[in-house]
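Remarks on the structure that follows.
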Amino acid sequence: MRKSFQSVTGTMVVGAALVLGSVFATTANADHHGKIKAAVDHPDRPAAERARDENRKPYEVILFAGIHPGDTVLDLNSGGGYYSEILSHFVGGEGKVYAHNGSVYWDFMKKTVPARFAERLSNVEPLNVESEAVDLPAGSVDAAMSVLAYHDYFMAHDARPSPENMPAILASIYAALKPGGAYVVIDHEGAAGTGAELGDKLHRINSEFVKKQVLAAGFTLAEESNLLANPDDDNTQSPFSPEIRGKTNRFIMKFVK
């Protein structure tokens with residue numbers, strides 16, 4: 001039986017729509033990737049930080065995190081602002097970056113934290129606080145990142161008179177995130193079976209220990225990556241050891257609210 005003209009035309013229209021949808025999706029995807037690359041390659045980034053890109057892989061990390069232009073991002077214990085600057089360029093004028101430093105990090109950074117935030121990165125708001133718990137409006141953040149900093153919640157320091165209340169810290173991050181928001185944790189992998197003690201002794205943390213704490217706070221594990229894994233690192237050396245510095249075995253986990 002011959003198909004009717006209407007039937008054939010309808011099939012052609014649906015097919016064309018699918019092709020156009022695929023083209024638009026491909027174009028949007030390429031545009032997204034291009035914006036991440038442009039942020040990483042931004043000429044204003046300090047040369048010393050750009051030199052660390054090969055080992056830190058910020059392009060791939062931001063892609064994994066699922067951050068988009070216009071997002072509000074919380075850079076937890078951001079230190080000097082390596083990721084805060086890249087994120088600033090990427091989220092753009094419609095977005096916002098909180099360059100957070102808790103009491104311990106701020107004790108290290110208060111004399112050297114770069115003036116670039118005030119001078120040229122208008123969408124970055126420094127958030128220097130006495131507590132590690134985050135005090136931001138509920139549901140206001142699209143993504144939070146903790147890069148090589150989770151282990152430092154357990155580091156003994158004069159600025160930390162008593163051990164951190166990890167459930168309270170994680171609850172504050174959870175509250176600040178929008179539903180579906182991502183919490184990305186990157187850190188130096190610690191030996192299996194170790195816990196909080198490793199953060200102070202070796203500046204590492206075991207991924208399963210972190211996972212257990214974050215899941216207990218109500219998050220769901222969305223994805224893990226071996227992007228920064230290094231099988232030649234036995235997870236027992238200090239990340240500051242010359243032979244392993246910048247090349248540690250690092251885990252990446254993305255949790256969602």
inquiry  = Give the residue list of GluC sites (Glu not before Pro) in segment 89-198 that are DSSP loop and have at most 11 other beta-carbon atoms within 10 angstrom.
reply    = Glu94, Glu130
message = Using DSSP H assignments, which helices in the chain have an axial alpha-carbon span of 27 Å or above and a mean Kyte-Doolittle hydropathy of 0.0 or higher?
response = 5-40
ask   = Alpha carbon centre of segment 139-155 versus segment 236-257: separation in Å?
value = 15 Å
inquiry  = Give me the Å³ per residue figure for the convex hull around the C-alpha atoms of segment 57-199.
reply    = 116 Å³
query = In nanometres, what is the gap between the two model label sites at Lys111 and Asn226, each 7 Å from Cα along Cα-to-Cβ?
reply = 4.4 nm
query = If eta is 1.306 mPa s and T is 10 °C, what Stokes-Einstein diffusion coefficient results for segment 174-257, Kirkwood Rh from Cα pairs, in µm²/s?
reply = 118 µm²/s
message = In the chain, if the dipole is taken from +1 on Lys/Arg beta carbons and -1 on Asp/Glu beta carbons about the Cα centre, which of Val73, Ile244, Ile205 is farthest to the positive end?
response = Val73
Set of segment 181-204 residues, backbone N closer than 17 Å to the point 7 Å along the Cα-Cβ line of Gln237 = 188-191, 202-204
inquiry  = Only Cα pairs within less than 10 Å get springs; with that Gaussian network setup on the chain, which residue of His33, His100, His188 has the largest fluctuation?
reply    = His33
inquiry  = Suppose R0 equals 25 Å. What FRET efficiency, 1/(1 + (r/R0)^6) with r the Cβ-Cβ distance, do Leu215 and Ala138 give to the nearest 0.05?
reply    = 0.75
note = Between the modelled labels at Ser131 and Asn29 (7 Å from Cα along Cα→Cβ) the distance in nm is 4.4 nm
query = Over the chain, what per residue volume does the convex hull of the Cα atoms give, in whole Å³?
reply = 178 Å³
task = For the chain, give the magnitude of the charge dipole about the Cα centre (Cβ charges: +1 Lys/Arg, -1 Asp/Glu; no others), in debye to the nearest 20.
result = 880 debye
key: Selected from Val141, Val113, Val129, residue furthest toward positive end of dipole (segment 103-145; charges at beta carbon)   = Val113
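Computed from the coordinates by the stated procedures, all read-outs in this text should not be read as laboratory data. For clarity, every value in this text was computed on a predicted model and none was experimentally measured. Glycine gets a Cβ as well: all are built from the backbone with ideal geometry, and neighbour counts include every protein chain shown.
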